[in-house]
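The values are calculated or read from the model by the stated rules, or taken from the named source; none is laboratory data. Computed from a predicted structure; not experimentally measured. With ideal geometry, Cβ positions are generated from the backbone for all residues, glycine too; neighbour counts draw on all protein chains shown.
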Amino acid sequence: MTERDGGASGAAPSYQDYLARDSREVPRSLLERSWRDLGNAPLDASRYTSQAFFDLEVERMWARVWQMACREEELPEAGDTIVYDIVGRSLLVTRQADGSIRAFHNSCTHRGRKLLLADEHIEHFRCPFHGISWQLDGTVRSIPCRWDFEHVSDGDFCLPEARVGTWGGFVFVNFDAGAMPLEQYLEVVPDHFSRWRLEDCWKAVHVAKVIRCNWKVAQEAFMESYHVVATHPQILSIIADANSQYDLYGPHVSRNLAAFAAPSPHLGSGNVDPQQTLDGMLQLMGRRPGALGEFTAQEARGPRAQLGDLNRRAFGRAFEGDFSNVTDAETLDAIVYNVFPNFSPWGGFAPNIVYRWRPHGRDVGSCVMEVMILKRLDRGQSRPEPVPVHWLRDDEPWSDAKEIPILGPVIDQDMSNMPYVQEGLVASATGRVQLGSYQESRIRHFHQTLDTYLQR
Ligand SMILES: [Fe+2]
């Protein structure tokens, strides 16, 4: 089975077929196909369940990769500081007086106390234990009873730094002084997103929750459309799932392109009334099905072009911009990139979803999943305040997050699997995970990259 078979139905159009019928000129980045056969070897289930494997990830992978820490707009003023925690390490990501952003290890160089426990605006860093303080640039400001530390220089007391890079309005950090530059690490992402300009957006939604599964189990549930038929059957009339396109770039980047406003091949070619697809899509977009008389499924251009028109007008009104040359695809589809190891921004022009999955402390069996939504700035609009993180408790479903009314219930369906994937991996009799050759190739690509880090 390859992508060319179109999944369950041999007659299904490919994602490129949908692009060929788009009502607007399609950008080169979407016309690309980048796939290669990475083999079919099973994965070891212990990659998700073994504390020793997790510890190796901590030592050899998390210590060396570029990881998204926050948005630039979360640090508008000098002294604004975000605490970025990852696998027991902690960084203070801080806006400097000169406008740059630097990241310091969140640990007192005297006795090790964490300096900040939460995001804060500060004039300078100060350890609450003994009152040692540092300037925003990490140099020593004052040491009470300095006479008692003649054996330690001010240089020795400076806060050690991690590397910082920015792209698309995101701030990235890296613990490895020898790592490749962020720009190189991101491969095709800066080029592909140059059209979608996430730097012109602001973080309007940020929801987080601890999930009872390994961080890779959670992430991988968002790397393929294969699970839609069983996990999200209510959207089969509006998503071309089994004929999604999967692209593998260098070691760090892959993507999934799935057409919305197009029926699943699982429903059989020609079996879905376009009106059903149109109404289902309107519902997904938070609009009343059938309420828009101007949209007739009989129109030759089909639901995708009709909905594209609706979105181009709606985005134009909402963001006071010109969206007239934006493709139907860029207003409708799941254009989902992953940057190794845990960052997943959506492309296109609909409010852009961004996912991040982090281990929960150093627990192999739980993680933090975050869903952000970036909205475009109106023309001339000053950047609104980014929202604080809305943490969901263990007993709160994602559908309780009113800021994600459409996405929340869909994510809850994904959640209905995740803890039981983890439990099942622990209980596995084969000790192996088998992946589909094509539809799950992004997961294999991820694991092969992970292995290159673990082997070094
Ligand atoms: Fe899903």
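Listed by first and then second residue, the pairs linking a residue in segment 360-387 that is at positive phi to a residue that is in a strand (DSSP E or B) and modelled with pLDDT of 95 or more, with Cβ atoms under 9 Å apart and 6 or more places separating them unless they lie on different chains, are Gly361/Asp85.
Residues in segment 210-241 that are more than 11 Å from the ligand (Cβ to nearest atom) and part of a loop (DSSP other than H, G, I, E, B): Arg212, Cys213, Asn214, Leu236, Ser237, Ile238.
Against the criterion of being over 30 Å from Asp17 (Cα atoms), surrounded by 19 or more Cβ atoms within 10 Å (Cβ to Cβ) and of a type in the set (A, V, I, L, M, F, W, C), Trp346 does not qualify. When Ala52 is tested against (1) buried (at least 16 other Cβ atoms within 10 Å of the Cβ); (2) assigned to a helix (DSSP H, G or I), only condition (1) is not met. Among all residues of segment 149-162, there is none that is more than 16 Å from the ligand (Cβ to nearest atom) and within 18 Å of Gly408 (Cα to Cα).
Within segment 419-440, the set of residues being within 15 Å of the ligand (Cβ to nearest atom) and hydrophobic (A, V, I, L, M, F, W, C) comprises just one member, Val421. Taking Arg146, is it closer than 30 Å to Gln413 by Cα and over 16 Å from the mean Cα position of the chain (by Cα)? Answer is no for this residue.
Can you tell me which residues in segment 73-93 are outside any strand (DSSP E or B) and either under 29 Å from Gln434 (Cα atoms) or touching a Phe, Trp or Tyr at 6+ places or on another chain (Cβ under 7 Å) (or both)?
Of the residues in segment 73-93, the ones outside any strand (DSSP E or B) are 73-79, 87-88.
The answer is Glu73, Val87.
Consider segment 402-418 and keep the residues that are over 16 Å from Ala221 (Cβ atoms) and within 16 Å of the ligand (Cβ to nearest atom). The one that is modelled with the highest pLDDT is Ile404.
Kindly establish whether Val421 is in a helix (DSSP H, G or I), at pLDDT 95 or above, more than 18 Å from His232 (Cα to Cα) and of a type in the set (A, V, I, L, M, F, W, C). Walk me through it before giving the result.
Numbers: in a helix (DSSP H, G or I): yes; at pLDDT 95 or above: yes; more than 18 Å from His232 (Cα to Cα): no; of a type in the set (A, V, I, L, M, F, W, C): yes.
No: the conditions fail for Val421.
Taking the listed residues Ala314, Ala350, the one that is hydrophobic (A, V, I, L, M, F, W, C) and free of Cβ contacts under 8 Å to residues at least 12 places away in the same chain is Ala314, with no other qualifying. The set of residues in segment 370-400 that are within 16 Å of the ligand (Cβ to nearest atom) and over 19 Å from Glu74 (Cβ atoms) comprises Pro397, Trp398, Ser399.
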